[in-house]
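Asks: If you scroll down you'll find the structure; I have some questions about it.
Nothing in this text is a laboratory measurement; each read-out follows from the coordinates by a stated rule. Owing to the predicted nature of the structure, the values given are computational and were not obtained by experimental measurement. Cβ sites come from the backbone with ideal geometry, for glycine too, and all protein chains shown count toward neighbours.
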Amino acid sequence: MLRLGVNIDHVATIRNARGTPWPDPLRAARIAEQAGADGITAHLREDRRHISDADIDALMADLRLPLNLEMAATAEMQQIALRHRPHAVCLVPEKREERTTEGGLDVAGNENYLAEYIAPLRDAGSRVSLFIGHEPDQIRAAARIGAAVVELHTGAYCDLDTEGRHADRDAELRGLRDGAALAASLGLEVHAGHGLTFDTVGPIAAIPEIAELNIGHFLIAESVFIGLGDAIRKMRRCMDKART
Ligand code: PXP
């Protein structure tokens with residue numbers, strides 16, 4: 001079955017807007033678990049703009065679901081991941097000035113650095129995932145350096161859908177499909193995420209090689225109106241419908 005990882009970063013964004021202890025990301029993670037999420041994703045950014053070190057401590061101590069720790073490939077983050085040994089580590093490119101993760105990681109251009117960087121994480125027992133675009137050279141480089149997982153960036157597909165550029169969106173979707181097939185043929189587990197909504201999730205969930213979707217911002221936004229549990233259950237139904 002296609003797994004759903006719920007990204008709780010923006011629960012922390014709301015909390016940090018007022019400097020209160022609420023809303024608590026750990027409470028959101030527990031609700032996500034009750035609503036049928038298969039995992040929790042949290043991005044510890046270099047500037048700590050949403051998830052904090054204390055959030056990671058609390059999630060590692062109290063969460064029953066597997067934690068997917070998203071982070072940049074820096075020495076500081078490697079130390080944190082090695083201390084916690086989360087179920088999965090997803091490496092993402094990070095720029096301070098960006099609003100959200102803009103592009104995929106350039107694995108092909110940083111092959112030696114990333115191969116060395118991921119080795120201790122893998123030895124510590126974390127599944128290493130690389131957040132990349134669907135370009136074949138990036139996928140092949142991810143396989144060469146021994147990553148277990150690639151997470152394909154669906155942000156461009158979602159943006160093109162919102163902008164009504166349907167021909168471009170369909171071309172992007174074809175790229176994601178071909179990328180998923182190539183990655184699976186190279187022995188990589190395939191995940192996908194970024195920008196997904198009830199409207200855009202279907203064609204991505206229908207790609208047979210994809211084993212997991214990671215979804216955050218839209219679910220937290222929708223929870224303002226229908227509650228987090230219902231938003232997650234509805235997303236799950238959209239995903240399951242696309243698979244049947
Ligand atoms: N996957 C990765 C690697 C991400 O960086 C993000 C955003 O933090 C997501 C998935 C989830 O994207 P969104 O919050 O737009 O659903």
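Asks: What is the calculated FRET efficiency for Arg233 to Ala211, with r their C-beta to C-beta distance and R₀ = 25 Å, to the nearest 0.05?
Replies: Efficiency, from the Cβ-Cβ distance: 0.80.
Asks: Report the residue, chosen from Leu82, Leu105, Leu130, that carries the largest GNM mean-square fluctuation when the chain is represented by alpha-carbon nodes joined by springs under 10 Å.
Replies: Leu82
Asks: What value, in deg cm²/dmol to 500, does the helix sum -39500 (n - 2.57) over DSSP H runs of n ≥ 4 give at 222 nm once divided by the residues of the chain?
Replies: -15000 deg cm²/dmol
Asks: Remind me, relative contact order of the range 152-233 in percent, using alpha carbon pairs under 8 angstrom and six or more residues apart?
Replies: For the range 152-233, the relative contact order is 28 percent.
Asks: Which of rounded, prolate or oblate describes the range 1-93 when judged by the alpha-carbon gyration tensor and an a/c cut-off of 1.5?
Replies: Details: a/c = 1.66, a/b = 1.07, b/c = 1.56.
Oblate is the answer for the range 1-93, as a/c is 1.5 or above yet b/c matches or exceeds a/b.
Asks: Right, here's the next one. Report P(r) for the range 102-244: all Cα-Cα distances, bin width 5 Å, range 0 to the bin holding the largest distance, values in whole percent.
Replies: Spelled out bin by bin, the range 102-244 gives 2, 10, 19, 20, 19, 14, 10, 5, 1, 0 percent.
Asks: Taking every pair of distinct Cα atoms and averaging 1/r, then inverting, what Kirkwood hydrodynamic radius in Å comes out for the chain?
Replies: Across the chain, the inverse of the average 1/r is 17.9 Å.
Asks: Comparing Arg27, Arg96, Arg169, which has the greatest mean-square fluctuation in the GNM of the chain with Cα pairs linked when under 10 Å apart?
Replies: Arg96
Asks: Next question, about the same structure. Fewest first, what order do Asp55, Asp199, Asp168 take by the number of other Cβ atoms within 10 Å?
Replies: Least crowded to most crowded, the residues run Asp199, Asp168, Asp55.
Asks: Let me ask another. Once you sort the root eigenvalues of the Cα gyration tensor of the range 70-114 as a ≥ b ≥ c, which label holds: rounded (a/c under 1.5), prolate (a/b larger than b/c) or oblate (the other case)?
Replies: oblate
Asks: Sorting Phe225, Phe198, Phe218, Phe131 on the 10 Å Cβ count, fewest up front, what's the list?
Replies: Phe225, Phe198, Phe218, Phe131
Asks: So, one more: Using alpha carbon centroids, what distance separates the range 66-89 and the range 118-153, in Å?
Replies: 14
Asks: I need Leu186, Leu114, Leu160 ordered by Cβ neighbour count within 10 Å, fewest first.
Replies: The order, fewest Cβ neighbours first, is Leu186, Leu160, Leu114.
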